[in-house]
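J.: I have a structure I would like to understand better, so I am pasting it below and will then ask my questions one at a time.
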Amino acid sequence: MFRSMTAFVSKTKMSSLGKLTLEIHSVNRKHLEISTYFESKLVKYELEINKRISGSVHRGKVSVRLALQAAHSGLIKVRPDLELAKELKNGWDKISSELGLSQTSEFPLLLLKDFAGLFVYEEAAIDDRLFESEIMALLDEALDDLIKMKKVEGLDLYKDVADRLLLIQKNLRMIREKALGTVEAYTTKLREKLTLLVPQISDHEDRILREICILGEKMDITEELVRFDSHVARFTEFMESGEISLGKKLEFLLQEMLREVNTIGSKSMHIEISHFVVEIKSELEKIREQLQNIE
């Protein structure tokens, strides 16, 4: 079944260090490209994240954004220097005594707010294994949702391509019908015209037959039709195979089908066959556009 290369998912989760936000955006590319946009403290998880994404996504440009809205109480511990505060308080009391200020006057805490070194900031101990497991759990959830979205859009692409293949096969049947007896009819008409133009042409019967045989071989499209049928059968087989990454294989077969139908158009001199060839090429081009979005 087809999977589209276009999808987007955004997930959030509370972790031991705060709120994690993960966004994955996938668009068309011939090969797999992963671009990451992480905060500096999250870069160390990039390698494992890329590894997991490449295990689930096989084609397309994948942009990944990971951010942490830290819960400061969990990341930083604030420890007041109580001994320093006591010394400051004692100093204030001494000043009050020397200046004869009221002993009941309160110690102004605002004096401490800008005093360097009164508060010591320490990083809290971080359980890296726990935090990494939380990130990977969020990533797995996001990838599950991303694949689901790819499959939903892929189903629409599958139906469209399948319908166009049916139209192509219908036009191929019409070409076969029109091709029956085309060479014989054309050579008969050619012989009649030659007889009218050159009355004594019958004296060169052997040469006429050789030329007619050569012309018939050039006009015969049987081999091209057989090969085209083979490509369509293989194309359909791939579509039904259940493989995840089909885009490149189908694009190759489509190119081969275009090559055969172009040869049919150049070899056939039947006007109606030319019309059917145009219809087939039109449908193949539309399929090509769809394949550009298939993983």
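The values are calculated or read from the model by the stated rules, or taken from the named source; none is laboratory data. This one's a predicted model, so the numbers in the text were calculated from it and none came from an experiment. Quick reminder, even Gly has a Cβ in these numbers, built from the backbone with ideal geometry, and neighbours come from all protein chains shown.
J.: Return yes or no: is Leu20 farther than 20 Å from Val152 by Cα, assigned to a strand (DSSP E or B), outside the structural domain of Glu240 (by TED's automatic domain parsing) and not β-branched (Val, Ile, Thr)? Working first, answer last.
T.: Details: farther than 20 Å from Val152 by Cα: yes; assigned to a strand (DSSP E or B): yes; outside the structural domain of Glu240 (by TED's automatic domain parsing): yes; not β-branched (Val, Ile, Thr): yes.
Yes; evaluated as a whole, the condition is true for this residue.
J.: Identify all residues within the range 1-17 that are part of a strand (DSSP E or B) and either more than 13 Å from the chain's Cα centre (by Cα) or β-branched (Val, Ile, Thr) (or both); write none if there are none.
T.: Just the residues of the range 1-17 that are part of a strand (DSSP E or B), to begin with: 4, 7-15.
Of everything in the range 1-17, those that are part of a strand (DSSP E or B) and either more than 13 Å from the chain's Cα centre (by Cα) or β-branched (Val, Ile, Thr) (or both) turn out to be Val9, Ser10, Lys11, Thr12, Lys13, Met14, Ser15.
J.: While we're on this one: Would you point out the residue of the range 111-133, among those that are part of a strand (DSSP E or B) and closer than 14 Å to Asp81 by Cα, that is modelled with the lowest pLDDT? If you could, list the steps in order and put the result at the bottom.
T.: Residues of the range 111-133 part of a strand (DSSP E or B): 119-123.
Among the residues that remain, those that are also closer than 14 Å to Asp81 by Cα are: 119-122.
Details: Phe119: 77, Val120: 72, Tyr121: 68, Glu122: 64.
Restricting to residues being part of a strand (DSSP E or B) and closer than 14 Å to Asp81 by Cα, the top hit is Glu122.
J.: On to the next question. So, restricting to strands (runs of 3 or more DSSP E) that lie completely within the range 32-88, which ones have at least 1 residues that are under 18 Å from Thr12 (Cα atoms) and modelled with pLDDT of 90 or more? Full working, then the answer.
T.: Numbers: elements: 32-38, 60-70, 76-80.
Answer list for the range 32-88: 32-38, 60-70.
J.: Looking at this structure, is Lys11 in contact (Cβ under 8 Å) with a residue 24 or more places away in the chain and surrounded by fewer than 14 Cβ atoms within 10 Å (Cβ to Cβ)?
T.: Numbers: in contact (Cβ under 8 Å) with a residue 24 or more places away in the chain: yes; surrounded by fewer than 14 Cβ atoms within 10 Å (Cβ to Cβ): no.
Criteria not met by Lys11.
J.: Could you tell me whether any residue of the range 134-146 is surrounded by fewer than 16 Cβ atoms within 10 Å (Cβ to Cβ), at pLDDT below 95 and over 30 Å from Glu83 (Cα atoms)?
T.: Within the range 134-146, not a single residue is surrounded by fewer than 16 Cβ atoms within 10 Å (Cβ to Cβ), at pLDDT below 95 and over 30 Å from Glu83 (Cα atoms).
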